[in-house]
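Below you'll find the structure, written out as structure tokens, and then a few comments.
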Amino acid sequence: MMNSSASNNTMSSASASGNNAQAPGLKTYFKTPEGKYKLQYEKTHPPGLLHYAHGKTVTQATLAPLKDKPMQAPSQSSSSVGVSSGVRSAAARLLGGGNGSRALSFVGGNGGNKSINGTSTRIGSLGSSNSNNVVGNSNFDGKGTYLVFNVGDALFVSDLNSQDKDPIKSIHFSNSNPVCHAYDPDADGHDLLIGLSTGDVYSVSLRQQLQDVGKKLVGAQHYNKDGAINTRQEIDSCGNKDGSGDPSFPVIKDQTQFSISHARYSKNPVARWHICQGSINGIAFSTDGHYIATVGRDGYLRVFDYKTEQLICGGKSYYGALLCCSWSMDGKYILAGGEDDLVQVWSMEDRKIVAWGEGHNSWVSGVAFDSYWLAPNSDGVGENIVYRFGSVGQDTQLLLWDLEMDELVVPVRRAPGGSPTFSTGSQSAHWDSACPVGTLQPAPSTRDVPKLSPLVVHRVHTEPLSGLLFTQESILTVCREGHIKIWTRPCSGEKPIQSSNIDSFMSSSLKEKSLKQ
């Protein structure tokens, strides 16, 4: 249980001051060419909560920027709470069975799109409760940025801009665990989607949850695996674990083949995408909603045209499954990471891998582009655009990378025995031309693709990491045990590292990494 409100107020300052107390070997800052990132504060769950080892669900985090409170507070009745078409269509995309996974993502998401595998279990009753130190506020103005994250069988909401370590709201589920969630700031009414390990999805109003003084989930819209919509708070249905009993879709004849089936009736889910045999570990929509990228247990990244439902391109990892993927804001590049400990950079224009990053010592569990970062002494409109992206892994490390396409050196394949100085070489077949549309490629040789080295290698947690988020003011790192750290960006007045010192900075960073190994 969480502390009472009185004790929480007393301990608030102590908690804030103790947030930076680090385990041995962990630093509260890391350096980049533009300055120093500092650990500002942490967010976590109440003590005594079942963690990953018991709940078997990995913590994911979603940013929820609430806008100004509407003129009239929404009604508590679920029938009067509007569910936007965006929420309905998003829920419809998520409920298709046959791929062994559950993923939540809004088209043109807000940077908080997260996904994770789900396991099929019995659908149990749904309940919610507020922690003792949470006091409902009917005058809650709802403005600000909130952090939604799951741990075990609970979903927590924290005020991102508060230094209080404890959440301000908790919602508990019985017989099922929340495994993923997504937030749409432009939704009218229900703006928060919650996916459970049973395959069920709930859409709710985040503002209503924060206003509520009771112990029930307010105004929840329920979408179950069989496509039914149920607004009741108590659900007790076993259903078919693999969803094959749903009459809306035909039985999948070949599990190895990609197929799309549309519902026979006008209800959710409206379509079922069977991507591959095995689970889908990650899903991400491009910012404009035109494309969708998936990564799966079979080790393939696949990119589809969402409107035409056609495969555009894709390729295999060097080893094992791919676990995560992310789009650049301009839709030109895709990041993918997984069990080969590498970060792949895909080009939509060339429809192939154009770079790969080596720096993690274990599986890569989260990747994301930093859309708020601007290269020093750059106005962002030059021909040579630099992309900053980050990755986190089960090695407990955060890595930051710079992708500057004009600076990448394409490896040259030379004839056996040829002199590296005098023999002429040619680019490998991997670079001859863009791959045909709809082609799934094998993994190219690492000799044929430029290698990136990380700009920053920093151990940020003691437990394996599961997520990474970028905001305008900070970087958020998430470990699978439910602990989140907020790292503030360098101050505007802080002097960046001069270009003449960048080489020495990089060499010292790599030297520090080698010493840790």
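Things to note:
- Pairs, first within 16 Å of L440 (Cα to Cα) and open to solvent by 20 Å² or more (accessible area, probe 1.4 Å) in the range 266-280, second part of a loop (DSSP other than H, G, I, E, B) and modelled with pLDDT of 80 or more, C-beta under 8 Å, six or more apart: Q277/D298
- Residue, least open to solvent (accessible area, probe 1.4 Å), within the range 27-48, restricted to residues that are in a loop (DSSP other than H, G, I, E, B) and modelled with pLDDT of 90 or more: T44
- Residue within the range 298-321 that is in contact (Cβ under 8 Å) with a residue 24 or more places away in the chain, under 30 Å from K31 (Cα atoms) and over 17 Å from the mean Cα position of the chain (by Cα) present: no
- Restricting Q277, Q344 to those that are at pLDDT 95 or above and of a type in the set (S, T, N, Q) reduces the list to Q344.
- Identity of the residue in the range 329-366, surrounded by 22 or more Cβ atoms within 10 Å (Cβ to Cβ) and among the small types (G, A, S), that ends up nearest to A284 (Cα to Cα): A336
- Residue within the range 164-173 that is under 17 Å from the mean Cα position of the chain (by Cα) and either open to solvent by 10 Å² or more (accessible area, probe 1.4 Å) or under 20 Å from L468 (Cβ atoms) (or both) present: no
- Of all residues in the range 430-457, none satisfies the criterion of being open to solvent by less than 10 Å² (accessible area, probe 1.4 Å), assigned to a strand (DSSP E or B) and either closer than 22 Å to E339 by Cβ or outside the structural domain of G315 (by TED's automatic domain parsing) (or both).
The values are calculated or read from the model by the stated rules, or taken from the named source; none is laboratory data. What you see is a predicted model; the values in this text were computed from it and never measured. All Cβ positions, even for glycine, are placed from backbone atoms using ideal geometry, and neighbour counts span all protein chains on display. Accessible surface is based on the protein model in full, side chains and every heavy atom, while ligands, DNA and RNA are left aside. Shrake-Rupley method; radii C 1.70, N 1.55, O 1.52, S 1.80 Å.
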